[in-house]
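Please read the structure below before turning to the comments.
The values are calculated or read from the model by the stated rules, or taken from the named source; none is laboratory data. Everything quoted here is computed from the prediction, not taken from an experiment. Note that we place each Cβ from the backbone using ideal geometry, even for glycine, and neighbour counts take in every protein chain shown.
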Amino acid sequence: MPLIMVANEERKIKVLLAASTTQQLNDKAVKKLKLSQDMQYKVCVDSSGAAAGSEIDEDDLLLELSSFYSKSNAHLEVVMLPSHKDWSPPESVEGLSRRSNSDSSCNSNSDSDSSGDGPCADILEVSLVVPPSPCVTKPSSHPSIPITPFNEIFEPVLEAMRRQPPPCDLVRRRKAALMAAQKEVASHILKKVKDFRKEVCERYATAVFSSQNGKFKPVFEKRVNDHFCSDGLADFICHIYNAVNYSKGSENTSRRGQRRKVAALQEEVDNPDEMEPQAKARSIDDCSYGCENFNPPLPSDETLETQEQKREHLAQSKDLSSAYAVSLFQKTYSSQRSEIVGCKTLPKLTDVFVRWPCLKSANLLIHHASILFNKDVKNLWAMQLDKMTPDLTGFFKSYCRKSPRSTATAELLKVFSEAQGAVETMESQIPNTFSVFFMIIAYMREKHDFFFQVAKDCDSDSELLEHAACSNGNPILLVQGFSVFDPMAKCFVVVLKNHVIEVRDQLEGILVMFISFFIFGFKYTEEVQNTLEFIQRFFFLINPPSGDKRVVARRKGHLAGKVYKLSEEIRAYSSPWSIPSV
């Protein structure tokens, strides 16, 4: 929930509030600022910038503005105004207040100091004897950017977006238009402004983004699986800033090797603590990302003693699939979350498994995730597999035909061949569904060894666990058989290198492996982070407005470029208006 700095009309009282909707913000502000409850109020942006004075009347707008200012390490500032009043800058309000106080002071003393010797007279005398200050010339403001070129750039794209059916190359047109707009803004800054600071780039990017009452915003907007993910402004600013600094002149640029060093330093800023790899993989501060019930309080009818009794009964239960065990597990959810969140380092999670051995049950972990996400995880998983598998398989086959020389094509064709052989052997379509995830990994050009491992000829548990060592404690799927499609294979999810969760089959293994990242607060394994984010957004429909689960936080936006690209390509492929490829 975003934090917002709220002020009253006079800006004399300011309070910091947490709110995710305009109504929630209004109710809390009226109470905290002690405003009249008989009056209607509106919320206006009071932070500096192009949005200052704008009324916030939509929940999405409130969340986007909060996210925008938080990226600058600042809180969104708003002011509560009576609905009939217009917004004024804070400086003008303070100046008016000072003048009124000065006037009232003079009036109150005019009767007693009619001789001209009172305090107001002293003020007048001082102002008369002070020598005039030298004339200070204000620095010239930056030249405004003409909007006409952007009309020419964006109008054809907006027209194409309004058409039914939309053209099949709409994704390419939008990308080309955004690149042309970035080039236009960067050229203006380089040739006319000659001020290469990031705030200048931000000012011009925001001016274009918000011009003509936000007419061009649909071109910038990013959606995944029909869910709004980003307004695109942060990416637009970042691209312009990079273009300006790349082209501003050889005297201000570094050699390519030096730029790589600078980039590495910037990555270190995102993760300032020098931690071990396992510690980097888990961050308590960020692991609430995507969770609806991250760390809830105890129910009103429960105490620590009753929770401990239920935990002991659950630990002694021999049948964890029974209705009684599931009921105990759900009733102790808040205690489970409290202990998991309380583990500030990865090794301490081992203590949680000791106290809660039920967390090694795949069925109970799925129940835990359903409460955590506030959605029926098992049914959602089955539904999205049925929905997404045909489109993904069809798209990847089309990709192989169109890009026969691509690096990913050879790997995709290998997966298709192995899956088809397994389908014929098993007389089942399950291998086709399972193979979709390996196709995503191949398309993302990531390393499947960090997603799953095939353990052949393992005679002992220690040999089996050796295959999980590469994950460095992160969740990983182990398939004990002659191949990943082996119908007789045993499947396990391994967490923290040696905690084994047995699963029914390969598909349930992917489900349990994925939810373990959220349940236990892991960051995504870096070698397969794009694949995991795609699964998050498409198969579990988890699309928060900000943040991510990457070890190294993204410096531009919160949506991975590869994930967004695949999303757009699948949307274009599966659209009922798309022309089928020959």
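See the values below:
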| quantity | calculated |
| --- | --- |
| Residue in the stretch 370-386 that is farther than 30 Å from L320 by Cβ, under 30 Å from the mean Cα position of the chain (by Cα) and among the hydrophobic types (A, V, I, L, M, F, W, C) present | no |
| Single residue of the stretch 23-46 satisfying the filter (crowded, with 18+ Cβ neighbours inside 10 Å and of a type outside the set (A, V, I, L, M, F, W, C)) that is farthest from the chain's Cα centre (by Cα) | Y41 |
| Near pairs, Cβ below 8 angstrom, 6+ apart or cross-chain, from the stretch 38-60 (on the phi > 0 side of the Ramachandran plot) to any residue that is of a type in the set (F, W, Y) | G53/W87 |
| Any hit, the stretch 278-287, residues being at pLDDT 90 or above, farther than 20 Å from K71 by Cα, assigned to a loop (DSSP other than H, G, I, E, B) and not assigned by TED's automatic domain parsing to the domain that holds K71 | no |
| Count - residues of the stretch 474-492 that are at pLDDT 90 or above and either polar (S, T, N, Q) or not assigned by TED's automatic domain parsing to the domain that holds L507 (or both) | 2 |
| Within the stretch 375-491, helices (runs of 4 or more DSSP H) holding 1 or more residues that are crowded, with 16+ Cβ neighbours inside 10 Å and of a type in the set (G, A, S) | 407-426, 430-443 |
| Residues being among the basic types (K, R) and either more than 36 Å from the chain's Cα centre (by Cα) or at pLDDT below 85 (or both) - total across the stretch 414-430 | 0 |
| Evaluation of M161 against (1) part of a loop (DSSP other than H, G, I, E, B); (2) touching a Leu at 6+ places or on another chain (Cβ under 9 Å) (one fails), failing number | (1) |
| Residue tally, condition at pLDDT 85 or above and surrounded by 15 or more Cβ atoms within 10 Å (Cβ to Cβ), over the stretch 66-100 | 6 |
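Yes/no per residue for (1) farther than 22 Å from E202 by Cα; (2) of a type in the set (D, E, K, R); (3) touching a strand residue (DSSP E or B) at 6+ places or on another chain (Cβ under 8 Å):
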position	(1), (2), (3)
I4	no, no, yes
A29	yes, no, yes
M39	yes, no, yes
C44	no, no, yes
E55	no, yes, yes
L61	no, no, no
S67	no, no, no
